[in-house]
Protein chains: 4
Amino acid sequence: MVRLTDNDYGKSGVRLTKVVREGATQSLYEMKVDIRLGGDFERIYTQADNSLCIPTDTMKNTVYALARRESFDSPEAFGNILAAHFVESFAQVAWAEAAIEQTLWERISVDGAPHPYAFSGAGPARRTSLARRERDGAGVRIRGGIAGLEVIKTTGSRFSGFLVDEFTTLRETEDRILATSIDATWDFAARGADYNGAFETALRVIPRAFALHDSHSVQETIFAMGEALLEEAPALSSVSFSLPNRHRLAVNLEPFRMTNANDIFVPTSEPFGLIAGTVARE
Amino acid sequence: MVRLTDNDYGKSGVRLTKVVREGATQSLYEMKVDIRLGGDFERIYTQADNSLCIPTDTMKNTVYALARRESFDSPEAFGNILAAHFVESFAQVAWAEAAIEQTLWERISVDGAPHPYAFSGAGPARRTSLARRERDGAGVRIRGGIAGLEVIKTTGSRFSGFLVDEFTTLRETEDRILATSIDATWDFAARGADYNGAFETALRVIPRAFALHDSHSVQETIFAMGEALLEEAPALSSVSFSLPNRHRLAVNLEPFRMTNANDIFVPTSEPFGLIAGTVARE
Amino acid sequence: MVRLTDNDYGKSGVRLTKVVREGATQSLYEMKVDIRLGGDFERIYTQADNSLCIPTDTMKNTVYALARRESFDSPEAFGNILAAHFVESFAQVAWAEAAIEQTLWERISVDGAPHPYAFSGAGPARRTSLARRERDGAGVRIRGGIAGLEVIKTTGSRFSGFLVDEFTTLRETEDRILATSIDATWDFAARGADYNGAFETALRVIPRAFALHDSHSVQETIFAMGEALLEEAPALSSVSFSLPNRHRLAVNLEPFRMTNANDIFVPTSEPFGLIAGTVARE
Amino acid sequence: MVRLTDNDYGKSGVRLTKVVREGATQSLYEMKVDIRLGGDFERIYTQADNSLCIPTDTMKNTVYALARRESFDSPEAFGNILAAHFVESFAQVAWAEAAIEQTLWERISVDGAPHPYAFSGAGPARRTSLARRERDGAGVRIRGGIAGLEVIKTTGSRFSGFLVDEFTTLRETEDRILATSIDATWDFAARGADYNGAFETALRVIPRAFALHDSHSVQETIFAMGEALLEEAPALSSVSFSLPNRHRLAVNLEPFRMTNANDIFVPTSEPFGLIAGTVARE
C-alpha cells in the first residue's frame, strides 16, 4: 500500500506589467509572480476529487485582478496581498507563498533629464521578494532581495593560507580578480517595514562593501557585505548571500615566450565555487 | 553586533567524462557534479582564517582523481564515494553532499547493431542522484532520479469539477492535451540497492503509467505514476514528483469562420502550473 | 540626407500544436514557425504609412488558420503553403520565407507496443525546414534539415599533421574523443520530393557515417557524412553541415601521482571549434 | 560523384579578460571572440590532409597572445588586429573575420566617486564588433554595434491604418506600450574612425530617439533612430537595426467586472514581431 505524504502546487511564471500614471509621469512595474499553495489537497491526487482544487489558471487571473484592484508600491507589498488573498479566501489553504521577481527599469536620460515614460533596462540584476502566509496564527513572513547583481574587482582580493591535501593544486595568491553574481535575500525585523528603502540601501551598500573590502575569501566578503548592510539598514534583521565564484584564470603565455603581467585571463562559467552565508543581528 | 548564523559552500558544475573500455566495447559516463559541504567553517567568514578551508578547486580535483581511482557503475555510487571522502578526510566537515546529473547517451545503431563506441544523445532527460553523508552516526542518504523527461498525450486527460470563484474563467474539459516535463527523485529502502535497476524501471514504468492513466488532473497523474513505480520497484521506499503543466491552449478560430476541431493549439511555456507530490509506502 | 536601404520583417516564434486523428490513433505535430517578408514596405518606415503593412499579428493568425484548413505531413510542405500564401495574397510581397523547427516526439512504448496517443520527447534534436517563395517566376526553394543532433565517439578519431606556428600548443593525437551537435540542411533536386523520406534517411545515415568514419578531422567527418547521405538519398542535391567541436580535454592527473589512461576528461562548451562545409553532387 | 562546394571554420566563444593598469586606476576589457577563416582548406575535408589546417586551438592561443602583445582600446581595433594577423600570416587564408562581444562594466560608485578597480554589470546590453579582412586588395570592413539594449515606453506609440485581411484580428490602437531589445550595427565611413566615440554616441542617441519619437510602428521607430544616429555621428555611413516587438498584451478584466484602464498587461516573449531596417547616408 502507498500513500501521499507531501504535496503542494501553484502557478509559476505569471508575467505582469502595471503602468501607474501620475500626471504626465508614468511608472512601470514588471514582475514575474510564482504562487504556491499547501493545504487540504490530498483528494485531488488520490480520489480524482477536484472540488477543493483552485485551478492554477485562477491563480493567474487573481494576480492580474489584484494588480488592478489593489494599490502597492513594492513587490513585497504585492506578494503579501496575494498570499493573504489565498489564505483568507479558501479554508483548505494552510499556507500560501508569492515569490516575485521584478525587472529593473530606469528612466532614459534625455539631455540630462529623466524621461517621463521611457525606460531602459537597468542591468541584469532583478529585485526579488517572497511573501508567505500561514492560516493559523501570526504566520507572516516577508523577505526582500536582489538576484544576479554582477560585480568584479581587478585587485583587492587574495586567497591563501588554505588547507592543502593530496588533491590540492591551487596556488596561493595575494592578488586575484574577484568576480561574482550576488544573490541576497533579507528578513525584516518588523512588519510593514520600508521595503523600497531597504532595497535601495542594499543596492547602494552591497556593491560599495564589495568594492571597499580587502578580501581574503569569498566567504569573508559575504560577511563584510552582510555586516555593512545590517549596519546601514536598521529595518533588516538578517541577510543571506549565495555567491558563485566566477573564476578568472590567468593564461599561461610562456609557450609564446611572453610573461603574463597578471593582465590576461580566461573568464570561466563552469565549474564555479558557490559560497553561502547568513549574517544576523545578535 | 552581528554574527554568522548559517553557512555552507562547495563546487558546482564539475563536468566529467569517464570512458570505460572492455575489449572492443567502450562505455561512457558523462556527469555534472556539484559538491557541497557544511561544518566548522565560520572562521573563514569572520576571521580571515582559511586554515580549515578546503578550496573548491581541490573539490574539483577530487572529483577527477576519484573518478580515476575508484570503480563505480552509477551516479548514486560515485556520489556516495565523493560524499564519504569529504566526511572521512576532514574533521571539520559535518556533512557533505554530491549532487550528480548524468547525460544519457545511447549507442548508435548501425544496420540494427549497437555500435561499440559511438553514441547519440538519448533525449533531453538526464539521470540525477543526490548522496549525502553526515559525520556522526549512520547518516547516509542516497536518492536517484530523472529530470526533464518530456511527455505528452493528446487525449486521455480531463479537468473538471474544480472550485469556481470570482476569478475563475477556465472551462471544464473532458478531453485535453496533457504535456509535462517530469522531474522525479526516489529514496531507496536499503543501502546498496540496485541503483541502475531502479533507474531502468523508472524509465520504463513512469512513461507507461503516464500513457495508460486516465487523468483527472496532473495531481492524480502524479499519484498514479508514483503508485505504479513503487509497485514495480521494490527497492524504493518513496518517490517525489514535480511536474510543470505545459499548457496547450486551443486557438480561437471563429474570427476566421473556422471551427477548431480540438486539433489546433498554442503550446505555452509561461505561465505554467507546477504540481508536486510524494508517494511513499505505508 | 539619409534613406532606407534595406528592410524586411516578420513574426517569429509562432508555436503550433496540430493533432491529427485517424481512428484510435492520434498523431502530433509541434512546430515553431518564423515568417519573414520582403517587399514594398518602405513607406511604413519613412512615411508613417501602414496601409501596405501586414501586421505580424495577422501572420500569427495565418499560421493557425492555414494549419487548420490545409493538409500537410511535413514541415517542408507546411512552410511552402505559408510562403506561397503571402506571395500570392499580397502584391507588395516580393518574397516570403517560412522557417520551421519541429519538435520530435516518439510514441511511448507500453509492453513493447507503441501507444496510440502518448509520446515522449525524442531527443534534443529538432527537425528543421526553410521554404522561400519569390513573387516573380519560378522562385521556390525548400530546404530540409536537422538541428542539435548530439553525437559522441570515444575512439576512431585523430588529429595530426596540422600546421604549427608560434602560437600552437596543441599536441597531435591518434586517439581522441570526438563530440559534436550536428546541424545539417539539405536541398532537394526537384520540387515535391519525399520530404519525410529524406529526413528519415538523414536520421539513419548521418549518425551511422559518424560512427563508422575513421576521422582525421571534424572537416573530414563532415565530408564523409555528406558523401554518405547523398549516396543514400537520391532526392537530395546538396547538404550543408555546421559542427561545433565539443572538446573533451584529458585531465592532468600527474599532480595526484596518477596516470590518465585516456579515460578521464573534462567536457567543455566554450571555446569550441566551429566547422562548416557543403557537399553537393557534381 | 560529390564534391565540397563551400567551407569555412574557426573558433567560437574565446573568452578573454584584459586588465589595464594606469597608476592606481585599473580598467577592464571582457570580450567573447569568434574567429572565422575561409580559404584553401578543401584538402582537410576531402584528402585527410591537415597540412594547411590552422588548429582552432591555435586561434584561441592567438587571441590571448595578441591581447597581451598588442595595445588596443576598443573591440573594433582588437578585432582588426586579429583578422589582419590571420590574413597576413597564412597564404591559404583568403579572408578572416573576428566577431567580438564585449561585456559592459561600469565603475561602482562609492559615496559619489567612481571606484578605481571595482565594477558592476552595466545592463544586459553588450557592445559588438565585426572586423573582416580579405587577402586581396583593400578588403577591410569594420562594423561596430550594440546588442540587447532593452527599452520600453508606456505611451507615445500607436499602430493603426494597417492592412486588414481575412485573418486580421488585431485592433487599431492610438496608445500602446512599445518594448524591444535593440540590436544595432554600424559601418564607418573611413578607416581608423573613433570607434569608442561612435559607440558612446549610439548609447546616448538611440535610447533618446526611442524616447522622443512619436511612433506609428516599430518600423518608423527604426528609421527615426537611424536618422538621429547618423545626424549625430558623422563617422558613420550606415546603421542597421533588428528589433523584436516584445508585446505587452492588455489583460481582459471584464470577467472580473473590472475595467482595464490601459494599465494591466501581460509581457510576452513569444511570438514576437521582428523588424529590420538599414538607414544610410545618401
Quiz item: Using modelled backbone amide H atoms (1.01 Å from N, in-plane), which distant-in-sequence or interchain residues come within less than 5 Å of D:LEU104's amide H?
Solution: D:ALA122, D:ARG127
Quiz item: Anyone know which of A:GLN102, A:GLN219, A:GLN26 comes out most mobile in the 10 Å Cα GNM of chain A?
Solution: A:GLN26
Practice problem: Grab the beta carbon distance between C:GLN92 and B:VAL20, set R0 = 60 Å, and tell me the FRET efficiency rounded to 0.05. | Solution: 0.45
Exercise. List the distances, in nm and shortest first, from the label point of B:ALA189 to the matching label points in every other copy, placing each point 7 Å from Cα along the Cα-to-Cβ direction.
Key: 5.4, 6.2, 8.2
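Beyond 15 Å, what share of the Cα-Cα pairs of the stretch B:16-99 remains, rounded to the nearest whole percent? Write out the running numbers ahead of the final one.
Details: 2118 of 3486 pairs.
For the stretch B:16-99, the fraction of Cα-Cα distances above 15 Å is 61 percent.
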Quiz item: Kirkwood-based Rg over Rh for the protein assembly as shown (C-alpha set), two decimals?
Solution: 0.94
Quiz item: Across the stretch B:103-111, in residue order, what do the Karplus-derived ³J(HN,Hα) couplings come to in whole Hz, using 6.51 cos²θ - 1.76 cosθ + 1.60 with θ = phi - 60° and x for Gly and Pro?
Solution: 6, 9, 10, 10, 5, 5, 8, 10, 6
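For the protein assembly as shown, with only Lys/Arg (+1) and Asp/Glu (-1) charged at the beta-carbon, what is the dipole magnitude about the Cα centre, in debye rounded to 20? Can you show the working numbers first?
Numbers: 120 positive and 152 negative charges, 0 e Å.
Using only the charged Cβ atoms, the result is roughly 0 debye.
Tell me which trypsin sites (Lys or Arg not before Pro) from the stretch D:133-192 have a DSSP coil assignment and no more than 12 other beta carbons within 10 Å of their own. Don't skip to the answer; put the middle values down first.
Details: sites: D:ARG133, D:ARG135, D:ARG141, D:ARG143, D:LYS153, D:ARG158, D:ARG171, D:ARG176, D:ARG191; in loops: D:ARG135, D:ARG158, D:ARG171, D:ARG176, D:ARG191.
The qualifying sites are D:ARG171, D:ARG191.
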Quiz item: How long, wide and thick is the stretch B:212-282, going by the Cα atoms along their three principal axes, in whole angstroms, largest first?
Solution: 56, 24, 14
Practice problem: Please build a GNM for chain C, connecting alpha carbons under 10 Å apart, and tell me which residue among C:HIS115, C:HIS216, C:HIS247 fluctuates the most. | Solution: C:HIS115
Quiz item: What list of ³J(HN,Hα) couplings, whole Hz, do you get for the stretch A:121-133 from phi and the Karplus terms 6.51, -1.76, 1.60, once you set θ to phi - 60° and write x for glycine and proline?
Solution: x, 9, x, x, 5, 10, 7, 10, 8, 9, 10, 10, 10
Practice problem: Using only Cα atoms, find the angle between the long axis of helix D:195-212 and the longest principal axis of chain D, and express it within 0 to 90 degrees, rounded to the nearest 10. | Solution: 10
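Can you divide the C-alpha Rg of the stretch D:69-190 by 2.2 N^0.38 Å and report the result to two decimal places? Intermediate values should be presented prior to the final figure.
On the way: Rg = 21.7 Å, N = 122, 2.2 N^0.38 = 13.7 Å.
The reported ratio for this selection is 1.59.
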Practice problem: Specify the residue with the greatest mean-square fluctuation among D:ARG132, D:ARG68, D:ARG208, computed from a Gaussian network of chain D linking alpha-carbon atoms under 10 Å apart. | Solution: D:ARG68
Exercise. Just need the Rg to Rh number for the stretch C:125-215, please, alpha carbons only, Kirkwood Rh.
Key: 1.15
Exercise. Sort A:TYR9, D:TYR64 so that the residue with the fewest other Cβ atoms within 10 Å of its own Cβ comes first and the one with the most comes last.
Key: D:TYR64, A:TYR9
Quiz prompt | For D:ASN245, residues with placed amide H under 5 Å, excluding near neighbours | solution = D:GLY273, D:LEU274, D:ILE275
Practice problem: Taking only the C-alpha atoms, wrap a convex hull around chain A and report its volume per residue in Å³ as a whole number. | Solution: 229
Exercise. Take B:MET225, C:MET258 and order them by how many other Cβ atoms sit within 10 Å, fewest up front.
Key: C:MET258, B:MET225
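From the C-alpha gyration tensor of the stretch C:148-280, pull out the three semi-axes of the equivalent ellipsoid (sqrt of 5λ each), sorted largest to smallest, in whole Å. Provide the component values of the computation, followed by the final result.
On the way: eigenvalues 225, 45, 29 Å².
In descending order, the three semi-axes are 34, 15, 12 Å.
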Quiz prompt | Under-5 Å amide H pairs with A:ALA94, H placed in peptide plane, nonlocal only | solution = A:GLY38, A:GLY39, A:ASP40
Quiz item: When the Karplus curve 6.51 cos²θ - 1.76 cosθ + 1.60 is applied with θ = phi - 60°, which whole-Hz ³J(HN,Hα) does each residue of the stretch A:68-77 get, with x for Gly and Pro?
Solution: 7, 7, 9, 9, 7, 10, 7, x, 4, 5
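Read-outs: derived from the displayed coordinates by stated rules, not from any lab. Keep in mind the model is a prediction, meaning the values are calculated, not measured. FYI the Cβ positions are ideal-geometry reconstructions off the backbone, even for glycines, and counts take in every protein chain you see.
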